[in-house]
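One structure is given below, encoded as structure tokens.
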Amino acid sequence: MSEFLSDCLALTGRHLRHLTRVPERLLSVTLMPVMYVIVFGFLFGSAMQVEGGNYREYIMAGIFAQVMLANLQTTAVGVVDDLRNGLVDRFRSLPMSRYAVLIGRTVSDLLLSTVAIVVMAAVGSLIGWRVHTGAPHILAAFGILLLLGLGAAWLGALLGLSLRNVEAVSAVMSMVMMPLTFLSSAFIPLSGLPEWLRAIAVWNPLSAVVGALRRLFGNPTSVGDTSFPSVHPIPVAVVLIVAMIALAMPLAARRYRTAAAR
């Protein structure tokens, strides 16, 4: 067990140290969400009306969740790079668990996203985002965000090991992220949508996650219906994310065993 933990820490540290050679990666992860906060907060904040609060408080949960979901692509591309440059083959020649290799990749990407979340929270507070609940609720909200980031990273590892091609990863991500993000309550209140479209958006898993964050932060929700995910967003979000991790972890580890041998 101690060797396993030692391998996980060593590989996580290796990926983090690699950032010092490509600091542009850190900038790309942190600057883009900050731009989202500023653009959505200032440009759309004066035009969008949200029941029970202002749009700048409404939008932050959506951007937080989007940043964590971006781990899906970040980890997938990282895994493809590791396969291409022979790093995975070298790891396979060493006496270490395949889980340690994947944990090193996913945890390092999660830590990178956590830095982005901290920066975004600071920028969000500057443009008017406020939290209206106590410390336990805030900790629970960031706990859900970390779980989401970890689940997205493991799903990304599975995607990268399955596709093994950066262009294919980008194409799949475009098809997945666009409807997942914009057909949800991440950026717009659902009350103004046609009934059939609102039903789809309410049952979008991302809507449950974003709704849970808004409820825990005490920010406006403005969902406007009585569906189960809207009334109970916190348990729905936790169950969905835990299920995603429980499914993606063993599948990615199994895929890792065969992918490097091709």
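The values are calculated or read from the model by the stated rules, or taken from the named source; none is laboratory data. Values in this document were obtained by computation on a predicted structure and should not be read as measured data. Methodologically, a virtual Cβ is constructed for each residue, glycine included, from the backbone with ideal geometry; neighbour enumeration extends over all protein chains shown. Heads up: the accessible areas ignore ligands, DNA and RNA and are worked out on the full protein's heavy atoms, side chains in. Shrake-Rupley method; radii C 1.70, N 1.55, O 1.52, S 1.80 Å.
Consider the range 18-77 and keep the residues that are among the hydroxyl-bearing types (Ser, Thr, Tyr) and free of Cβ contacts under 8 Å to residues at least 24 places away in the same chain. The one that is farthest from Asn165 (Cα to Cα) is Ser46.
Within the range 215-243, work out how many residues are assigned to a helix (DSSP H, G or I), surrounded by 23 or more Cβ atoms within 10 Å (Cβ to Cβ) and not small (Gly, Ala, Ser). Total meeting the criteria: 3. If the condition is being farther than 13 Å from Ile63 by Cα and part of a helix (DSSP H, G or I), then the range 201-214 contributes Ala201, Val202, Pro205, Ala208, Ala212. Filtered by the rule that a residue be modelled with pLDDT of 90 or more and open to solvent by less than 10 Å² (accessible area, probe 1.4 Å), the range 244-256 gives Ala248, Ala252. Residue check: Arg92 meets all listed conditions (1) over 14 Å from the mean Cα position of the chain (by Cα); (2) within 15 Å of Val37 (Cβ to Cβ) but one, namely (2). For Leu190, the requirement of being at pLDDT below 85 and open to solvent by less than 40 Å² (accessible area, probe 1.4 Å) is met. In the range 1-100, counting only helices (runs of 4 or more DSSP H) that sit wholly within it, the ones holding 1 or more residues that are modelled with pLDDT under 75 and open to solvent by 40 Å² or more (accessible area, probe 1.4 Å) span 2-18, 23-38, 87-92. Could you go through the range 120-134 and let me know if any residue there is over 24 Å from Val172 (Cβ atoms), open to solvent by less than 10 Å² (accessible area, probe 1.4 Å) and aliphatic (A, V, I, L, M). Yes, some residue in the range 120-134 is over 24 Å from Val172 (Cβ atoms), open to solvent by less than 10 Å² (accessible area, probe 1.4 Å) and aliphatic (A, V, I, L, M). In the range 199-214, the qualifying residues are those that are closer than 15 Å to Gly143 by Cα and of a type outside the set (A, V, I, L, M, F, W, C), and the one that is surrounded by the most Cβ atoms within 10 Å (Cβ to Cβ) is Gly211.
List the residue pairs whose Cβ atoms are under 7 Å apart, where the first residue sits in the range 162-188 and is under 24 Å from Met249 (Cα atoms), the second is in a loop (DSSP other than H, G, I, E, B), and the two are 6 or more positions apart or on different chains. Pairs that qualify, where the first residue is under 24 Å from Met249 (Cα atoms) and the partner is in a loop (DSSP other than H, G, I, E, B), are Leu180/Asn204.
Within the range 172-200, how many residues are within 26 Å of Ala243 (Cβ to Cβ), in a helix (DSSP H, G or I) and among the hydrophobic types (A, V, I, L, M, F, W, C)? Let's see the steps before the verdict.
Initially, the range 172-200 is screened for residues within 26 Å of Ala243 (Cβ to Cβ), giving 172-187, 190, 197-200.
After this cut, where a residue has to be in a helix (DSSP H, G or I) as well, the list is 172-182, 190, 197-200.
After this cut, where a residue has to be among the hydrophobic types (A, V, I, L, M, F, W, C) as well, the list is 172-173, 175-178, 180, 182, 190, 197, 199-200.
Total satisfying the criteria: 12.
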